[in-house]
Amino acid sequence: MNAPSDSTATVSQLKERVLAFARERDWEQFHAPKNLSMALAAEAAELMEHFLWASPEESRKVAMDPAKRAQIAEELADVVIYSLEFANATGLDLTEAIGAKMEANARKYPVDKAKGRSAKYTEL
């Protein structure tokens, strides 16, 4: 059986897998929102470390470097795992949260004002 990929896995399946992993180890007792948010921030910092001091173009090269790609993938996976476990621990529906945020972003960043610009919505 092939491992699931982005094109076949659902958010629900990923959340269930992460939850099962934590439950098998009796880790839910440690997964308070405070702890999970801190772990998420720490893992995001570890991901950022791979790109520290790199220019935008250099960071693209680093992300594609076969020697570093596996490490970067591990850090990204940690960020997503902690995000999924945070959703599990708080009962948040991640798909609903993303949908609501994307709708809010579309209002703040209308295409006609934001296309090709990196300015904050208050400066458009």
TODO: Might you let me know whether the stretch 77-85 holds any residue that is in contact with a His (Cβ under 8 Å, 6 or more places away or on another chain) and surrounded by 10 or more Cβ atoms within 10 Å (Cβ to Cβ)?
DONE: yes
Open item on the list: Regarding the stretch 45-65, can at least one residue be identified that is assigned by TED's automatic domain parsing to the domain that holds A22, at pLDDT 95 or above and either within 19 Å of V11 (Cβ to Cβ) or in contact with a strand residue (DSSP E or B) (Cβ under 7 Å, 6 or more places away or on another chain) (or both)?
Closed with: no
Task: Residues located in the stretch 84-123, provided they are among the small types (G, A, S) and either over 15 Å from S37 (Cβ atoms) or without any contact (Cβ under 8 Å) to a residue 24 or more places away in the chain (or both) - done: G91, A97, G99, A100, A104, A106, A114, G116, S118, A119
Open item on the list: Given the condition in a helix (DSSP H, G or I), farther than 17 Å from G91 by Cα and among the polar types (S, T, N, Q), answer yes or no: does some residue in the stretch 47-70 qualify?
Closed with: yes
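Give the residues of the stretch 104-118 that are loosely packed, with under 10 Cβ neighbours inside 10 Å and assigned to a helix (DSSP H, G or I), sorted by residue number.
Applying the first criterion (loosely packed, with under 10 Cβ neighbours inside 10 Å) to the stretch 104-118 yields 107, 111-112, 115-116, 118.
Matches in the stretch 104-118: R107, V111, D112.
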- [ ] Taking N88 as the residue in question, decide whether it is surrounded by 10 or more Cβ atoms within 10 Å (Cβ to Cβ), assigned by TED's automatic domain parsing to the domain that holds W27 and either touching a Leu at 6+ places or on another chain (Cβ under 9 Å) or assigned to a helix (DSSP H, G or I) (or both).
- [x] yes
Task: Leading residue by the ranking (nearest to P33 (Cα to Cα)) among those in the stretch 64-83 that are without any contact (Cβ under 8 Å) to a residue 40 or more places away in the chain and of a type outside the set (A, V, I, L, M) - done: D78
Task: Count - residues of the stretch 11-29 that are outside any helix (DSSP H, G or I) and either within 19 Å of D78 (Cβ to Cβ) or not assigned by TED's automatic domain parsing to the domain that holds Y82 (or both) - done: 2
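The values are calculated or read from the model by the stated rules, or taken from the named source; none is laboratory data. Computed from a predicted structure; not experimentally measured. Glycine gets a Cβ as well: all are built from the backbone with ideal geometry, and neighbour counts include every protein chain shown.
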